[in-house]
Amino acid sequence: MDENTPHIAFGCAAFTDKKLPILKKPEFLTAPQIELSEIPHLGKLNIRCDSINRDEVSKLIQCNLPAEPNYMSNKAGRFAVSLGPDEYLLLAEPGSESQLEQILRSSHLLEHISVVNVSDAFCAIRLSGIKVRELLSKGCPIDLHPNNFYSNRTAQCELALANVILICLEDNEFVCICRTSFAEYVLDWCIDAGQEYGILISKKI
Amino acid sequence: MRHTQSHRLGTNNATVTDKQKSVHFRFDGKEYIGFEGDTLASALLAHGVHLIGRSFKYHRPRGIFGSGSEEPNALIRVIKGATAEPNLRATQIEIYDGLIAESQNRFPNLKFDLLSVNNLFSRFFPAGFYYKTFMWPSTFWMVYEKFIRRAAGLGKISKRHLEQNRYEHKYAHCELLVVGGGAAGLQAAVIAAQTGIRVIIADEQHKFGGWLLTDNNFNIDERPAINWVHDTVKKLQSAPNVTCLNRTTVFAAMDDNFTIMAERVTEHLANQPAHLPKQRLWKIRAEKVIMATGAIERPLVFSGNDLPGIMLSSAIRSYIKRHEVLPGTRIIVFTNNDDAYFTALAIYEAGGFIRCIIDLRKNPKSQIITTIRKLGIEIKTGHAVITAHGTRHIASVDIAAYDCEIQAPISDISHMDCNLLAVSGGLNPVVHLHSQRKGKLIWDDRTLCYRPNNSSVQWVSVGSANGTFQLTKVLNEATKTTSIIISKIAKHYKISKTEETINGPKSDDSKQNWAPTPAWLINSGQPHLSEKTAFVDFQNDSTAADIKLAVREGYHSVEHLKRYTTTGMATDQGKTSNINAIGILAESLNKSVAQTGITTFRPPYTPTSLGLIAGRNIGSLFDPLRKTRMHGWHQSKGAKFENVGQWIRAWYYPQEGEEFHQAVNREVYATRHYAGLIDASTLGKIEVKGPDAGEFLNRVYTNNFANLPIGKARYGLMLKEDGMVFDDGVTTRLAEDHFFMTTTTGGAAAVLAWLEELLQTEWQDLKVYLTSVTEQWSVASISGPNSSAILEACMSEDQNITDDFPFMTMKNTFIAGIPSRIFRISFTGEMAFEINVPARYGLALWSHLMQVGKEYNLTAYGTEAMHVLRAEKGFIIVGQETDGTVTPYDLGMDWIVSKKKSDFIGKRALERESMNEPQRKQLVGLLTTDPQKVIPEGAHAVLNPNQDTPMEMLGHVSSSYYSPNLKHSIAMALLKGGFNRKGQIVYIPMLNGEQPIKAKIVDPIFFDKKGDRLHG
Amino acid sequence: MLRIKCPFCGYRNESEFSCGGEAHIARPSAAVSDKLTDSTFSEYLFMRENPKGVFLERWCHTSGCRRWFNVARDTVTHQIYEIYPAGKTPKTTIGKKAYQVNWRRKSKAEVASKYLKRTPK
Ligand SMILES: [Zn+2]
């Protein structure tokens, strides 16, 4: 069964159940300054491995597991986010997660590492626009100044009442990864907190 | 009728008010006109309105007293649409077109207040009145409380406030936070800004400048001070690294420079734009903080000092300079220092008539005094105002020559009429934030004030907040201190060295000799009479007499005095009263002020709206609601939901015309007779992986898991180290080194955290990785005699899983083409299968099962039916049958506690003597004599319902339902020595005179005791 | 609100962390019950230090990386003197002293915990 079968949920219900697009902005703004959309079915693997096995795992998944905490590395559409001294989240193209999981499970490293498919456990939300940092600072206690939180920086932190993984892709482009059941809250919070900047929730990927 | 602005000056030099723009507003039902930039206080004073409230205890008339957040009297309720906000200070409310304001604490109106009879009987309200009067007998407290609450009311809150007012929070980070935008703050910010570091400067008022907006006749660097303010603010506002926040009160200074402030974003606007909040709460983490919070003038304490028309000298000067309002026509100035002479000068320049200046000092000399003398204004040195007279406004004062040494009048009293009295008792540095940070204070005997000791590396006070009152010195201190503090942030931040950045600008402020004379309480010669009306804390109505009474009763510590007399405990936190109270206490004890000490200031600096503290966390954003992937289906079938932790789960699915019990009974019955389907997606799920996974589970569960065969599932009980049940669930071995653990819905996060804690801190040698997969899998659990048939019907023809699928095993397969993990486990006692699919297929699986199950009478059931089904079987629910004080033995689950394992979490604790005490509360079943009567959960059981209260209680009912399968009410209870009481009768006493419920103690398994149904 | 330096994530607000109480409480194994009287076991289970001054305690970065670590913190000033890995002892002079003067170093429970480093399978 593939993902195009109509009765298989396309992405997170927080987005699919809503009538998109949603636009909220003050009248004086001509265009929203924040855009928000889900990246549905992004492959997500939780990888646990010690630093000694990091290089070998990196080779197998064709993406470097970052050695430095709170950073992300990316290669050919795959992103590896560091979550802890021995914990990583690999974001991969939709559908590739099972294959990647198999590669790692069948490797000789199996005894020393753990790989768990968490693609459906988390929802990836893309936020972009010139006011994104302003919006996030209403709920996120970490220092989001561009000198401190720049491209490829990541953080596991609070966003209002949800715990999220925040990733800076570009200066004005972020990915926020939260547990799927918190996606609706994160979305509603963003709509409420972002209305002064103008916010558009779209289906665009 | 619109009143004329009789007290507005004709000039056009106001530093704040813009006379070009009129503003219409209402106060207590009357219409008034003010100007843009006016506060409600300045606009009312412009109309000659002083009286603005009644005092808290005695309902004495009170008028506008100050000009800022120190205001103790002028508390106002502002009405906007359907909402109203109480307890705002008139001195801080900016007027706007259409503002509607009301005075508070008066009934039926301001001029005639019924409760002011309290004033006539003021002997009833001495210090500690409430403590003494309402202490005994304690059973009367309920009566007293109503009385006190009505008497103590400070304003009314509107119930619809949060619907119409939005608040929000915002985090910010900076290297330097400057609190206060007066001379010191502006200079500090401008010096810091040039280094490129992030600077935030916040000021409480709507315009930056602080006291320079009032003392605008000084020059800074040979230009008018006000121009210096404008230039500096412009510089700061154009710097990209500086955030300038006016209308922003820093109200809390916390550990490691976590600083909280309230920005009034739109509440000063006539039309609040919908996209912006009323107020914004800033939570700032600053590397360093400069506290340039200024100083507040304190009054002098004498009889009748609380009459409307008596105001702080500095406030009067502010109204003249900022708003061009002169709030009186025949004015007396009463002072112990030089500052009041600047007020006199301002009054004179505004064309006001000064009857005389009364100075407590015998022979004061300074440039400003000479200037005033030259203007021909009478100065009575070595004199004091002994008493002020008037009914609703000051009308006259008694004056006498006064000796501050012996603290007594030394001449006959003379009488002088006036309608405005300016009082000045010296300056108190605003040390609140410093004190909140637990910074120490030093008493300065020369300047008569407490100032900060400035010993922290994280924050520093400058300017008048630091007890430095002369302008050139303030600017110099701000400059130098800022340079030092910036060098501590990082070496690479350099300040270019110019005269301005080394020493700061120069001013011609002539306040050179700042040395007030101490006079904490003016003695009328008949203190027993006068001290009862000599007010120290205006807002809480505490008097000099109260303080002296407290001292006589032994309250000598300043902390005790504060609580006993409530001095300094009102919403103004004693900004104008604390030091005077301490001065009077010190004199009464024959101690110095330094020896007496000072109370600690605590947040918030000014009253803060609870809505602001809540911010966005209200309504639908109050708490995240977590929904499963099948939620949409439940909703479309009209399910009622219940909250389980943050999860929202289908509770029952009422069909048309069905009530709660009917729906639940139908679901329970259908599940036992045909098949039922429940959404169990919220169960906690943890992947346990690693070579030591088996050993790890052996240590955290009471039973053995290391020997569990691959593909097999086992129920496990988890204890905490104290031997009490912590969680339960089924864990399945997927591979030699790989387990799949399930936990309770509510316990999922706590279990994962606890297991991580053990691995990281206790058993670092174990190689185990834990990953939460709660949301990776959607779970549909199908139970009942028809469940295997439905499952078969969902499989492709070549699949046959229900044969050769023993109880407590697991299979990987496909259902309707969806990759699934199926567990043959049961929480209902029926043959049951728990189907786990990747969450994206959750809804598809559910819909498919319901579709296929139609022929087999498959019924969706909710959490309530699940509870009944499991209770019929006597299965416990952690958190319902357990409460952190229940061991496995108490639950009768000895079978699950391994006797062979040498250790597991909780093992040693279970061996303690008290754990095996036979009178512990133990889990039993209860069957009511009346089969229809369902006992309320949480009710207590007794042996004899006719005994006197308090009754001897056996224990409580933990679960109670009506079982449609048994056609009988069933309950579980934890009763003392319950295991040995089977067969006994207990009674459950009810409230409201209902008859006690009679029940028999039985075994807690009510249905299918042998468990035959598990196998279909 | 304190600012705590998670060894992995760096400085974060105290609200992201949870405090796990006193550090360095060795868990005695039930396997050596002859050495572990009820009173010895209760030292482990119930007794906790509550000093005015430097305290060695465990913290977890709950809302972040979920890692546990140890902290030497002054309970009066909240000053943090040292942050060091779980399972290790402090290295600073202040931390070492706080470790050594703790009564627990001589407690029967701690002595009992040394009999068995790893419970047998
Ligand atoms: Zn961390």
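When the range B:465-492 is filtered for residues that are over 36 Å from the mean Cα position of the chain (by Cα) and over 24 Å from residue B:452 (Cβ atoms), the ones remaining, listed by number, are B:491, B:492.
Inspect all residues belonging to the range A:137-150 and state whether any of them is away from every other protein chain (no Cβ under 11 Å), touching a residue at least 40 places away in the same chain (Cβ under 8 Å) and outside any strand (DSSP E or B).
No: the range A:137-150 contains no residue that is away from every other protein chain (no Cβ under 11 Å), touching a residue at least 40 places away in the same chain (Cβ under 8 Å) and outside any strand (DSSP E or B).
The single residue among B:566, B:600 that is at pLDDT below 90 and over 19 Å from residue B:431 (Cβ atoms) turns out to be B:566. Scanning the range A:13-26 for residues that are assigned to a loop (DSSP other than H, G, I, E, B) and more than 9 Å from every other protein chain (Cβ to nearest Cβ) gives A:18, A:19, A:20, A:21.
When the residues of the range A:151-166 are narrowed to those that are in contact with a strand residue (DSSP E or B) (Cβ under 6 Å, 6 or more places away or on another chain) and in a loop (DSSP other than H, G, I, E, B), which ends up nearest to residue C:63 (Cα to Cα)? This residue is A:152. Taking the range A:132-188 as the range and being small (Gly, Ala, Ser), surrounded by fewer than 20 Cβ atoms within 10 Å (Cβ to Cβ) and within 16 Å of the ligand (Cβ to nearest atom) as the test, no residue passes.
Take the residues in the range B:669-693 that are touching a strand residue (DSSP E or B) at 6+ places or on another chain (Cβ under 8 Å) and part of a loop (DSSP other than H, G, I, E, B); name whichever of them is surrounded by the most Cβ atoms within 10 Å (Cβ to Cβ).
The first filter runs over the range B:669-693 and keeps only residues touching a strand residue (DSSP E or B) at 6+ places or on another chain (Cβ under 8 Å), leaving B:670-671, B:674-690, B:693.
Right, trim to part of a loop (DSSP other than H, G, I, E, B) and you get B:674, B:680-683, B:690.
Working: B:674: 18, B:680: 21, B:681: 28, B:682: 25, B:683: 20, B:690: 22.
It comes out as B:681.
Summed over the range C:57-71, residues that are out of contact with any Ser or Thr (no Cβ under 6 Å at 6 or more places or on another chain) and either farther than 12 Å from residue C:85 by Cα or not hydrophobic (A, V, I, L, M, F, W, C) (or both) total 9. Return yes or no: is residue B:874 more than 24 Å from residue B:1011 (Cβ to Cβ) and in contact (Cβ under 8 Å) with a residue 60 or more places away in the chain? Criteria not met by residue B:874.
Take the conditions facing chain B (nearest Cβ under 9 Å), of a type in the set (Asp, Glu) and crowded, with 22+ Cβ neighbours inside 10 Å and apply them to residue A:120. Does it pass? Considered against the rule, which asks whether it is facing chain B (nearest Cβ under 9 Å), of a type in the set (Asp, Glu) and crowded, with 22+ Cβ neighbours inside 10 Å, residue A:120 comes out as yes. Scanning the range B:377-397 turns up no residue that is in a helix (DSSP H, G or I) and in contact with a Lys or Arg (Cβ under 8 Å, 6 or more places away or on another chain). Scanning the range B:484-515 for residues that are assigned to a helix (DSSP H, G or I) and surrounded by fewer than 21 Cβ atoms within 10 Å (Cβ to Cβ) yields B:484, B:487, B:488, B:489, B:499, B:500, B:501, B:502. Among the residues of the range B:745-757, are any charged (D, E, K, R), assigned to a loop (DSSP other than H, G, I, E, B), within 40 Å of the chain's Cα centre (by Cα) and within 26 Å of residue B:647 (Cα to Cα)? Scanning the range B:745-757 turns up no residue that is charged (D, E, K, R), assigned to a loop (DSSP other than H, G, I, E, B), within 40 Å of the chain's Cα centre (by Cα) and within 26 Å of residue B:647 (Cα to Cα).
Evaluate the following for residue A:70: is it within 22 Å of residue C:66 (Cα to Cα) and within 16 Å of the ligand (Cβ to nearest atom)? If you could, list the steps in order and put the result at the bottom.
On the way: within 22 Å of residue C:66 (Cα to Cα): yes; within 16 Å of the ligand (Cβ to nearest atom): yes.
It is true that residue A:70 is within 22 Å of residue C:66 (Cα to Cα) and within 16 Å of the ligand (Cβ to nearest atom).
I'd like the full set of residues that are among the aliphatic types (A, V, I, L, M) and surrounded by fewer than 16 Cβ atoms within 10 Å (Cβ to Cβ), limited to the range C:59-93. Can you show your working first?
First, pick out the residues of the range C:59-93 that are among the aliphatic types (A, V, I, L, M): C:71-72, C:76, C:80, C:83, C:86.
Across the range C:59-93, the qualifying residue is only C:76.
When the residues of the range B:745-797 are filtered to those that are within 14 Å of chain A (Cβ to nearest Cβ) and of a type in the set (Ser, Thr, Tyr), the one that is surrounded by the most Cβ atoms within 10 Å (Cβ to Cβ) is B:778. The strands (runs of 3 or more DSSP E) falling completely within the range B:166-263 that include 1 or more residues that are closer than 27 Å to residue B:90 by Cβ and within 14 Å of another protein chain (Cβ to nearest Cβ) map to B:167-179, B:248-254. Please enumerate the residues belonging to the range A:73-111 that are in a strand (DSSP E or B), more than 26 Å from residue B:734 (Cα to Cα) and more than 16 Å from the ligand (Cβ to nearest atom). Within the range A:73-111, A:73, A:74, A:75, A:78, A:79, A:80 meet the criteria. Residues that are of a type outside the set (Phe, Trp, Tyr) and part of a strand (DSSP E or B) within the range A:167-184 comprise A:167, A:168, A:169, A:170, A:173, A:175, A:176, A:177, A:178, A:179, listed in sequence order. Within the range B:206-214, the presence of at least one residue that is touching a Phe, Trp or Tyr at 6+ places or on another chain (Cβ under 8 Å) and touching a residue at least 24 places away in the same chain (Cβ under 8 Å) is confirmed. Of all residue pairs spaced 6 or more apart or on separate chains, those with beta-carbon atoms under 9 Å, a first member in the range A:13-25 that is under 10 Å from residue A:203 (Cβ atoms) and a second member that is assigned to a loop (DSSP other than H, G, I, E, B) and among the aliphatic types (A, V, I, L, M) are A:16/A:9. Look at (1) under 14 Å from the mean Cα position of the chain (by Cα); (2) crowded, with 23+ Cβ neighbours inside 10 Å; (3) away from the ligand (no atom under 16 Å from the Cβ); (4) of a type in the set (Ser, Thr, Tyr) and you find that residue A:114 fails only one, number (1).
The number of residues in the range B:606-660 that are without any contact (Cβ under 8 Å) to a residue 12 or more places away in the chain, assigned to a loop (DSSP other than H, G, I, E, B), more than 30 Å from residue B:569 (Cβ to Cβ) and within 12 Å of another protein chain (Cβ to nearest Cβ) comes to 1.
One residue stands out in the range C:1-16 among those that are surrounded by fewer than 19 Cβ atoms within 10 Å (Cβ to Cβ), part of a strand (DSSP E or B) and of a type outside the set (Ser, Thr, Tyr): the one that is farthest from the ligand (Cβ to nearest atom), namely C:3.
The values are calculated or read from the model by the stated rules, or taken from the named source; none is laboratory data. The model shown is predicted, which means the values in this text are computed figures rather than measured ones. No Cβ is skipped: glycine too gets one built from the backbone with ideal geometry, and neighbour counts run over all protein chains shown.
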